[in-house]
Amino acid sequence: MKLELGFIKINDVQFSNECAVKDGILYVNPEDVKAFIYDNDDVKTYIKSITLDIAKPGESVRITPVKDVIEPRCKVAGPGGMFPGVISKVDTVGSGRTHVLKGAAIVTAGKIVGFQEGIIDMSGEGAKYTPFSKTLNLVMVAEPVEGTKQHDYERAVRFAGLRCATFVGALGKDVEPDEVKTFETYGIMEGAKLFPDLPRVGYVHMLQTQGLLHDTYVYGVDAKRIVSTLLYPTETMDGAILSGNCVSACDKNTTYHHLNNPVVAELFEQHGKTLNYVCNIITNENVYLADKQRGSDWSAKLAKLLDLDAVIVSEEGFGNPDADLIMNCVKQEKQGIKTVLITDEYAGCDGKSQSLADSDPLADAVVTAGNANMEVVLPPMDKVIGMLDYVDYCSGGHAGSLRPDGSIEAELQIITGATNEMGFNCMSAR
Amino acid sequence: MVKEIERVGIPVVHMCTITPISLTVGANRIIPTIAIPHPLGNPTLTAEDEYALRYKLVDAAIKAFSVEVDKQTVFEF
Amino acid sequence: MAFRVVHYINQFFANVGGEEMAHIPAELREGKVGPGMAFETAWKGEAVIVNTIVCGDSYFAEHEKEAKEQVVAWVKEINPDMFIAGPAFNAGRYGYACANIALEVKQQLGIPVLTGMYEENPGADYKDKILITPTANSAAGMRKAAPTMAALALKLMKGEKLGASCEDGYMPNGIRVNFFEKERGAKRAVKMLLNKINGKPFVTEFPMPNFDRVEPGKAIPDMSKVVLGLATSGGIVSKGNPDRIEASNASHYGEYDIEGWDALTSEGWETAHGGYDPVYANEDPNRVMPIDVLRQMEREGKIGKLHRYFYSTVGNGTAVASSRKFAEEYAQKMLQAGVQACIMTST
């Protein structure tokens, strides 16, 4: 399967009377965007109001509570459309051509759903830890209709955000990209013939599926109802997987992360040179032990069936998913498939505690995205998009996190994407 | 936490869903439960059946106290 | 003014002699001797070695108490900003002496200390107690070790925040410290995987821990007289979470009175846990803390009685060290209240 990504570099985002991408500037008319977002029954029913705002790198701006971040993209050629099964009709994506508004992002925010929304600071100490301090953010704040149940609100905000990204992404449809890159993986036989001497490598991609508010969707299917299965890596670039979860902000994989999965990118970087990138195996992190066993059994079975030599396993979240991570490692290693795991740590504020809930000596190659319990102090910002009311209640916050002067003392956990377990960032720990 | 209680001489039965973690952290008597968000219940059952299920699980825990164990044990039933 | 350092070395590095001179007692000298030169070069005047203590390795091993007392007395008198021992490379007794004397000075005088040695030196067992810079296994490694130790020493004297072990050049000491790598995690993972596939050396960024074990408690043949305690990591708390237990990485636990409660109700109780979907526990808290069936068992005589309080915290992302502390505390409370058995539930 072959996909061309056309990158349109976005250097600025501005509100305007029109909606267009011209000379690297994204012009947005908020009323047009809102009209498109509202053309959906869930949004109409559960969202009282939507406010759009812009946050740029370096500004004294804090966005919170952040739910998801989405990159605006648009399918230009090939089957299907962005976010199949949710926004577009179900059709296998990952081939043809897709345009990307590189440098821009849609950030969704609003009243808290669970405990686990986060903070994005565009400058200061917090900006060092989140990748979204470097993107030009169109922020969508969605207010629920009074009395809306949290699950309905979560779904409506999710749809609203995806619709916003779809609308904005479509503005790049007829724009000539600044750069085009091609990504291709091959069928089993074909790949083996092309690269007979290269090790066959797969990516075991663990998806957070802890419950109604901790979910991930694959082609519109709630991933807690899947058995482990295969995906072409390019499918993820067209929105086959999206985030509907409220895991701690630091290690939730936002939809932006799924679209720009760094493991996929780095494996493609080596594809055909030092390794043969065969495919992705997606597997879930359910709350039943039998599901954990089945999920890891199947991911191991699929890896064996594909004659893989090695896999990278990325976790999402922490705590009981550490058990899934270790099962996914041990079962692969025991059948001779070499593993490298990517995780993060909860080693306590002093760094002295046990980092993972589960462990095994076979997990001898681990990449860590750092200790999420590390304390940070975020300076006050001139402007807040969203609301500060929930800072004390978010995971990583505590009573008194929000200080009277508007500064925040909390754990890294509270910062969106800070310890991403796909290995999106440079942060680590020893 | 299980270990700290057992260390002062109070035997502990750990009721949890993800028994591999319980084994890793060192519980000695383990009763597997239903699911993480509702270890001792099952919302898909009627109230009566759910209560019966919970009674059965806790009963197994009470019985586990009376079993002598010399190593970490997951009580399957 | 330059920082003042006292340096400890053995007879060999002081050029007194080899094994045949290992018996010499501790001796105090002015200024730098032998390897101290390399540190001073690296410090470029920011710090100086005011005194060097030379001690035979056998003497230290055979007269440890006296040697420690003497060295500590001198260091106390000199009152330096820092104490450095070695590096000892792969010399076993020297490494032992360096680690022990550094630890003694740290404990007695509270000034920063540093030593260096090869990772397999027996003295390296002290790496969780004092900072030890890993070195090569022979003195040829001094050229590489000196700048690392000198830079780390300067950082300690300036009171700067310690970086991660791999950044600042000390052996991992059980304290995890965040830092920024040059490459992102996914790239590091692919590199590590390629090394692993090709049988080349690689270093895990997180060595798997060993969890400790405790002997199983004795069986209780008759539960019908027993006072049963209850604890949970599922975050069940009184409605409104009056103790403000955090949704994640809880800083404390709550103690809740269940006197008069025949079952937990959604009006009186809820969960504070941020790691799972709270709907089910909030709807019926007995699904996490089964008070309803336990009360029935109390009436049936299956158990003696329930302890009046249960103990609850949120396990979600809560540091193991904190959980341990909570449990140590409430285990004592249970013990004092005559609790003989305990059920712990986890989500």
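The values are calculated or read from the model by the stated rules, or taken from the named source; none is laboratory data. Owing to the predicted nature of the structure, the values given are computational and were not obtained by experimental measurement. Counting neighbours? That spans all protein chains shown, and the Cβs are built from the backbone with ideal geometry, glycine included. Heads up: the accessible areas ignore ligands, DNA and RNA and are worked out on the full protein's heavy atoms, side chains in. Shrake-Rupley method; radii C 1.70, N 1.55, O 1.52, S 1.80 Å.
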Per the list (1) under 31 Å from the mean Cα position of the chain (by Cα); (2) over 20 Å from C:G110 (Cβ atoms); (3) free of Cβ contacts under 8 Å to residues at least 40 places away in the same chain, residue check on C:A73 breaks on (2)
A:A357: in a loop (DSSP other than H, G, I, E, B) and more than 30 Å from A:L275 (Cα to Cα), yes or no?
yes
Can you name the residue in the range B:46-77 that is of a type in the set (S, T, N, Q), open to solvent by less than 60 Å² (accessible area, probe 1.4 Å) and in a loop (DSSP other than H, G, I, E, B) and is also farthest from C:A263 (Cα to Cα) among such residues?
B:Q72
Of all residues making up the range A:166-225, the number that are in contact with a helix residue (DSSP H, G or I) (Cβ under 7 Å, 6 or more places away or on another chain) and either of a type in the set (K, R) or in a loop (DSSP other than H, G, I, E, B) (or both)
6
Residues of the range A:417-430 being within 7 Å of chain C (Cβ to nearest Cβ) and open to solvent by less than 10 Å² (accessible area, probe 1.4 Å), which ones?
A:M422, A:G423, A:M427, A:S428, A:A429
Quick one: which residue in C:G123, C:G159 is at positive phi and within 22 Å of the chain's Cα centre (by Cα)?
C:G159
So for the range C:281-289 (the condition being more than 14 Å from chain A (Cβ to nearest Cβ) and over 30 Å from A:D322 (Cβ atoms)), does at least one residue qualify?
no
Of all residues in the range C:307-347, how many are in contact with an Asp or Glu (Cβ under 6 Å, 6 or more places away or on another chain) and either surrounded by fewer than 24 Cβ atoms within 10 Å (Cβ to Cβ) or within 14 Å of chain A (Cβ to nearest Cβ) (or both)?
5
Just to check your reading of the model, which residue among A:I414, A:I385 is in contact with a helix residue (DSSP H, G or I) (Cβ under 7 Å, 6 or more places away or on another chain), farther than 17 Å from C:T204 by Cα and more than 8 Å from chain C (Cβ to nearest Cβ)?
A:I414
Kindly list the number of the only condition in (1) of a type outside the set (F, W, Y); (2) open to solvent by less than 50 Å² (accessible area, probe 1.4 Å); (3) not in a loop (DSSP other than H, G, I, E, B) that fails for A:V377.
(2)
Within the range A:267-286, is there a residue that is assigned to a loop (DSSP other than H, G, I, E, B) and within 8 Å of chain C (Cβ to nearest Cβ)?
yes
Quick one: which residue in A:D178, A:D152 is modelled with pLDDT of 95 or more, charged (D, E, K, R) and surrounded by fewer than 20 Cβ atoms within 10 Å (Cβ to Cβ)?
A:D178
Just for the range C:195-210: of the residues that are in contact with a Ser or Thr (Cβ under 6 Å, 6 or more places away or on another chain) and either more than 8 Å from chain A (Cβ to nearest Cβ) or of a type outside the set (D, E, K, R) (or both), which one is most open to solvent (accessible area, probe 1.4 Å)?
C:M208
Take the residues in the range A:39-56 that are over 18 Å from A:G169 (Cβ atoms) and out of contact with any strand residue (DSSP E or B) (no Cβ under 7 Å at 6 or more places or on another chain), then tell me which one is surrounded by the most Cβ atoms within 10 Å (Cβ to Cβ).
A:D42
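Only one of C:G304, C:G275, C:G235 is touching a residue at least 60 places away in the same chain (Cβ under 8 Å), crowded, with 24+ Cβ neighbours inside 10 Å and more than 10 Å from every other protein chain (Cβ to nearest Cβ). Can you tell me which?
Matching residue, one of C:G304, C:G275, C:G235: C:G235.
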If you go through the range B:12-45 one residue at a time, how many are within 7 Å of chain C (Cβ to nearest Cβ), in a loop (DSSP other than H, G, I, E, B) and buried (at least 21 other Cβ atoms within 10 Å of the Cβ)?
6
Inter-residue pairs, beta-carbon under 6 Å, first more than 17 Å from A:D32 (Cα to Cα) and in the range A:42-61, second of a type in the set (S, T, N, Q) and in a strand (DSSP E or B), 6+ apart
A:A55/A:N137
